[in-house]
Structures are given as C-alpha cells and as structure tokens.
Amino acid sequence: MSFQTISVKEAVNNINANSNGWFLPAVQRPYVWGSRYESEKYICKLFDSILNGYPIGTLIVWNTDKEVPYREFMNDYEDGKIATLVDKSLWERTDKWLVYDGQQRLQTLFSCLKYTLNKRILAYNLLYKTDNTDEDYGFKFIDKNTDNPGYIKLPALFSKTDTEKVSYRRNIQSTLTSLTEDEETLFETRFDKLWSVFVGTDVKSLAYFPIDKTWNEDKVNDVFQRLNTGGVPLSGADLLFSKIKESDPSFEENLVEISKWIFEVTNGYSFSANEILQLINLIVKGTTRVDASKVKPEEITKFKEIGSSIGEPLKDFFGEFFYKVFNINNSSIVSRKLAVLPLIVYAYRNYQQGKRFLNINADNVTKMKQYFILSQLNDWNTQGIVEGSTRKILDENFPLAEIKEIAKEKNRVVELRKETLECNVWFTLKVMIPDRLYIKQETTTGRYKPELDHIFPLKLKDSPNDYEVDTLWNLQPVAGKTNLLKSNIHPFDFFSNEDTKSHISEYNFIPSEMSCDEWKDHKAFIEYRKKRMIEFMKSQYNIDVIM
C-alpha cells in the first residue's frame with residue numbers, strides 16, 4: 001500500500017463512524033498535549049498549519065477484522081478523561097480502521113471541529129491582525145456562550161453544508177459594521193480559505209498510510225512501538241503501557257481512575273497514571289527508569305497484579321498522610337516527587353500486610369514525616385537515592401538511618417539548615433503550619449500560586465530604611481479575602497481594629513499580647529516568629545534546625 005490523502009472533513013467524518021469508522025486501538029496512550037493552557041497554544045498552531053497547507057505528519061491506520069480491543073474517540077474532550085473500551089462483541093468488527101499514529105491530531109480535530117475541548121470552543125477571527133498578542137494565528141479558544149463579532153466558531157462552520165455557505169457568510173458579515181473595502185476583501189478571502197480547508201473535500205490536507213490488512217496484531221504493535229512521527233514523542237511509560245495493554249487492554253484506564261481517586265481524596269493533588277506506573281516499575285524492577293524493552297513476560301504479570309490491587313493502598317497513603325497530616329492539596333507544593341516513592345513503597349507493603357497508615361506505630365510515622373521533610377528540602381530526589389532507599393525497606397520499621405547514609409554517600413545534606421528552610425517557602429510553610437490548607441489560586445498561565453500574606457506588609461507606609469520583611473518567618477497562608485483586606489496595613493493596627501481583629505485566628509506563631517514590643521518592631525516580630533516556628537519543627541517532627 002502507498003500513502004493516500006484525505007480532506008479534514010472526510011477524516012473527521014470517519015471518526016467513530018458506523019461504517020468504516022476510525023477508532024483507537026487499546027494500546028494507544030491517552031490524549032496528551034500538555035495542560036489546558038499549553039494545549040490551546042499547540043492546537044491553534046496545528047490549525048494554522050493545516051490552514052496554510054503545512055505538513056503535519058502522516059496518519060497510520062490499519063483496517064482489520066481481527067479481534068483487537070479498541071476505543072472510540074471522545075466527543076467533548078476534557079483533561080484527564082480517557083475513553084472506555086467498546087464492547088468486546090465489536091472487537092472483530094470487519095470494517096474498523098484502527099489509528100496507530102495520529103491520535104493527538106485526530107482527537108484535536110474531532111473535538112475542536114464538532115464538539116468542545118475542556119468546555120471551550122475554538123474560534124477564528126476573520127479580521128485577525130498579526131500584532132494581536134491575545135490570539136495565536138487568528139485562532140482563539142472562547143467560552144461556549146461567547147459571541148464575538150467577526151469570529152467563526154469552528155463547530156458551527158463545520159456543521160454547514162455547501163448550500164448554506166453564502167447565507168452563513170452573510171450572517172457573520174452582518175455582525176460587523178463600518179468595514180473598509182480592504183477589510184471586506186480580507187474577510188471574504190479568509191472565509192473562503194477556512195471553508196475550503198475545513199468544510200470542503202477538495203483540499204486533501206492530511207496524508208495517511210494504510211497498513212496491510214494481512215498483518216497480524218503483533219507485527220502492527222511492533223510498528224506502533226517504533227513510531228515517533230509527531231505530536232508528543234512516545235515515552236518509556238507510553239511504550240510500557242502499550243506492551244501491558246496487549247494482554248490487559250484496560251490496564252492504563254484503571255491507573256487513570258486511581259489517579260482521579262487520589263486527586264479527589266487530596267482535594268487537588270495530582271499523581272498521574274504515568275507516575276503510578278513508575279511506582280509499580282520500582283516495586284517490580286527495583287528501578288525508577290521505565291524501559292519496556294527490559295520488562296520480561298513474567299514481569300508483565302506482576303505489573304498487572306499490582307496494578308489491580310494498588311488503588312486502595314494509594315488512596316490510603318495520599319488521603320491519610322499527604323492530606324490529613326499535611327493538608328497537601330496541590331502537586332506544586334511537593335516539587336521533588338521522585339523522593340516520595342520510597343514512602344509510598346513502605347506504605348504499600350504495610351497495607352499488603354493488613355496494616356493501613358493509621359495502624360503504623362507512632363515511631364515509624366515520625367520517621368516517615370522526617371524522611372518526607374528532609375528528602376524534599378535536601379533534594380534526595382535522585383534515582384540512586386530513591387532506588388537505594390527502596391531496597392532498604394525490608395520489614396515494618398521505616399529505615400530512616402540507613403537512608404540518611406545513602407544520602408550522605410550521594411553527597412546530600414542530611415541535617416536541616418535554616419537557609420534551606422528559607423529557600424523553600426511553600427513547602428516549609430506547609431510542614432510548619434500543616435493545619436492550614438493552601439487556598440488554590442491559578443494564574444493566567446495555569447500555574448498554581450497559594451495565597452500568602454506578608455504579616456508586616458512589603459509596602460508599609462513610612463517604613464524604616466532597614467525594613468526587610470520578605471522572608472519565610474513573616475509569611476502566613478491565608479484566604480484571599482483576608483489578604484486583600486489586610487493589604488498594606490500595619491499588623492498592629494489591623495489586629496487591634498474592632499472590625500478586623502477577629503482575623504487574628506487565621507494566623508500562627510504570633511504574639512498573643514497586642515501590647516508587646518514584637519507587634520511594633522518588624523525585626524523583633526520576625527525573630528520571635530522564627531524562634532517559635534523552629535521550636536515547632538522540633539516538637540512536631542523531632543527535627544533540629546541548624547542555625
């Protein structure tokens with residue numbers, strides 16, 4: 001067979017079609033094009049490339065009547081969703097075409113041209129100006145109920161027939177007023193181009209290669225594992241998932257569900273299916289490096305066994321340790337995720353012996369907390385330390401002393417220093433004030449940023465020349481409304497005022513007497529609070545801080 005071409009309209013209409021439909025083999029990974037903010041940029045660029053006739057890579061499809069498990073493409077795509085397998089009775093369907101390369105592009109086209117992506121709609125500005133930094137190549141994601149003059153919503157465009165073309169264009173043009181002659185020409189030219197590429201069938205924008213129908217599934221899967229022709233390159237986890245799904249089609253789907261459970265029990269902490277696979281790989285292979293080529297057939301059975309039983313232990317660990325002990329509700333708080341794996345392995349092995357986290361004795365729980373804090377702040381996040389630490393987990397006692405020796409051998413600090421605390425504000429505040437839940441605040445770039453208040457404000461009016469307050473010891477997690485209310489008010493005035501003094505209950509490690517000197521002098525306040533916070537580290541975790 002040779003390469004063939006197809007229009008966008010024809011390809012999208014093939015997806016999930018009742019006759020000769022295009023579907024996804026179970027070995028495919030879930031849709032992965034970054035976060036919502038990243039994916040929107042990639043998608044706008046993809047649509048611009050198609051609109052301008054740029055090559056976007058070849059699709060590879062296999063028409064087969066063999067019994068191969070497969071999924072449908074998703075209609076309204078949302079981050080974290082994964083399509084479920086179709087009924088087994090359909091696996092031998094003779095007219096199915098399975099997409100072995102091109103899932104990302106086809107799912108994007110399918111959702112953006114017919115449905116929604118993360119509950120938003122892709123639109124195109126027919127009067128787009130190249131200096132408009134709010135748009136990417138004229139394409140822009142908008143809310144479903146938004147109507148902007150001059151914009152075409154791609155699903156609305158795609159649904160039109162040839163007989164509706166002229167009236168549809170006039171309706172859109174009627175929403176614009178006072179167009180210059182040049183703008184009218186630009187509008188019509190862009191509309192016609194958009195129509196011909198995404199609605200018409202004469203422009204063959206996509207290339208696909210049909211795999212020989214006589215091939216068997218093993219041979220096709222081998223081709224799939226070698227593919228790396230666009231979108232996001234296949235990772236070691238993707239290849240291992242594909243290998244396991246050859247005999248357990250729902251394996252990755254199960255791990256995705258476990259990941260969702262973790263997100264729910266922690267109210268926002270993300271531990272992805274790929275990270276769960278890496279954890280299982282550490283348990284089975286003793287390494288964090290995921291390499292499908294080194295996983296033996298008998299080890300695949302172990303992966304499947306652990307994958308089917310690891311959900312409850314993970315919910316127990318993240319729910320009881322991460323969330324209830326530390327109130328950790330976002331992945332950004334824990335920047336060194338690899339270093340968490342020995343803790344999970346320890347909790348998992350205890351769970352397998354019938355001992356949930358709440359049944360682990362107090363001494364071992366303290367060691368777990370110490371390891372967690374030291375490993376994060378002292379960067380015990382290397383492959384060697386994590387794998388070496390995991391090998392020391394042999395019985396019910398958490399091997400903190402042995403792990404410290406491994407960290408020393410790898411040239412890592414094992415004690416806790418004041419400077420280290422001050423350089424890791426988010427995490428340090430979380431372990432020093434574990435009862436306070438960080439309020440979630442997403443920036444316009446999708447990054448997580450907790451609400452933190454400078455108790456002595458940064459821009460205090462008439463502050464002295466030596467006014468340095470941007471330090472850990474002057475920070476407190478608070479609700480956004482409190483932060484806004486307090487603003488640049490001196491803390492003594494804020495907490496003495498009848499209308500705002502009740503907010504003092506939202507703060508930790510502060511002097512109880514408003515008449516004391518610490519409330520009037522920022523240096524005295526910071527020293528007072530630093531002393532109390534370091535005392536808390538000792539009393540709560542039995543960790544000494546080197547000053």
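Go through (1) over 31 Å from the mean Cα position of the chain (by Cα); (2) part of a helix (DSSP H, G or I) and name the single condition Asn411 misses.
Among (1) over 31 Å from the mean Cα position of the chain (by Cα); (2) part of a helix (DSSP H, G or I), Asn411 violates only (2).
Yes/no matrix, rows are residues, columns are (1) crowded, with 17+ Cβ neighbours inside 10 Å; (2) in contact (Cβ under 8 Å) with a residue 12 or more places away in the chain; (3) over 30 Å from Lys418 (Cβ atoms); (4) of a type in the set (A, V, I, L, M):
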position: Leu343; (1), (2), (3), (4): yes, yes, no, yes
position: Tyr348; (1), (2), (3), (4): yes, yes, yes, no
position: Ile373; (1), (2), (3), (4): yes, yes, no, yes
position: Trp380; (1), (2), (3), (4): yes, yes, no, no
position: Ser389; (1), (2), (3), (4): yes, yes, no, no
position: Glu396; (1), (2), (3), (4): no, yes, yes, no
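For (1) more than 28 Å from Asn359 (Cβ to Cβ); (2) outside the structural domain of Ile393 (by TED's automatic domain parsing); (3) touching a residue at least 40 places away in the same chain (Cβ under 8 Å), each residue gets a yes or a no:
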site	(1), (2), (3)
Leu240	yes, no, yes
Leu255	no, no, yes
Val284	no, no, no
Val290	yes, no, yes
Lys315	no, no, yes
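Given the structure, is Ile82 at pLDDT below 95, crowded, with 22+ Cβ neighbours inside 10 Å and of a type in the set (A, V, I, L, M)?
It is false that Ile82 is at pLDDT below 95, crowded, with 22+ Cβ neighbours inside 10 Å and of a type in the set (A, V, I, L, M).
So how many residues does segment 458-505 have that are in a helix (DSSP H, G or I) and either of a type in the set (Phe, Trp, Tyr) or surrounded by 16 or more Cβ atoms within 10 Å (Cβ to Cβ) (or both)? Let's see the steps before the verdict.
Taking segment 458-505 as the starting set, the residues that turn out to be in a helix (DSSP H, G or I) are 472-474, 480-486, 491-496, 501-505.
So of that shortlist, the ones also either of a type in the set (Phe, Trp, Tyr) or surrounded by 16 or more Cβ atoms within 10 Å (Cβ to Cβ) (or both) come out as 472-474, 482-483, 486, 491-492, 494-495, 503.
The total comes to 11.
With respect to Arg412, is the statement that it is over 30 Å from Gln383 (Cβ atoms) and charged (D, E, K, R) true?
Details: over 30 Å from Gln383 (Cβ atoms): no; charged (D, E, K, R): yes.
So Arg412 fails the test.
If you take the residues of segment 153-176 that are outside any helix (DSSP H, G or I) and surrounded by 13 or more Cβ atoms within 10 Å (Cβ to Cβ), which of them is modelled with the lowest pLDDT?
Here the answer is Leu176.
Going by the conditions given, is Lys324 under 21 Å from Gly384 (Cβ atoms) and surrounded by fewer than 17 Cβ atoms within 10 Å (Cβ to Cβ)?
No, not satisfied.
Let me confirm something: among Leu179, Leu186, which residue is out of contact with any Pro (no Cβ under 7 Å at 6 or more places or on another chain) and either in a helix (DSSP H, G or I) or modelled with pLDDT of 90 or more (or both)?
On inspection, the qualifying residue turns out to be Leu186.
Restricting to segment 327-339, what's the tally of residues that are crowded, with 19+ Cβ neighbours inside 10 Å, hydrophobic (A, V, I, L, M, F, W, C) and touching a Ser or Thr at 6+ places or on another chain (Cβ under 8 Å)?
2
Report the residue count in segment 492-502 for those that are closer than 25 Å to Pro434 by Cβ and in contact (Cβ under 8 Å) with a residue 24 or more places away in the chain.
Adding up the residues that qualify gives 1.
The values are calculated or read from the model by the stated rules, or taken from the named source; none is laboratory data. Bear in mind that the values here come from a model prediction, so they are computed numbers and not experimental data. Quick reminder, even Gly has a Cβ in these numbers, built from the backbone with ideal geometry, and neighbours come from all protein chains shown.
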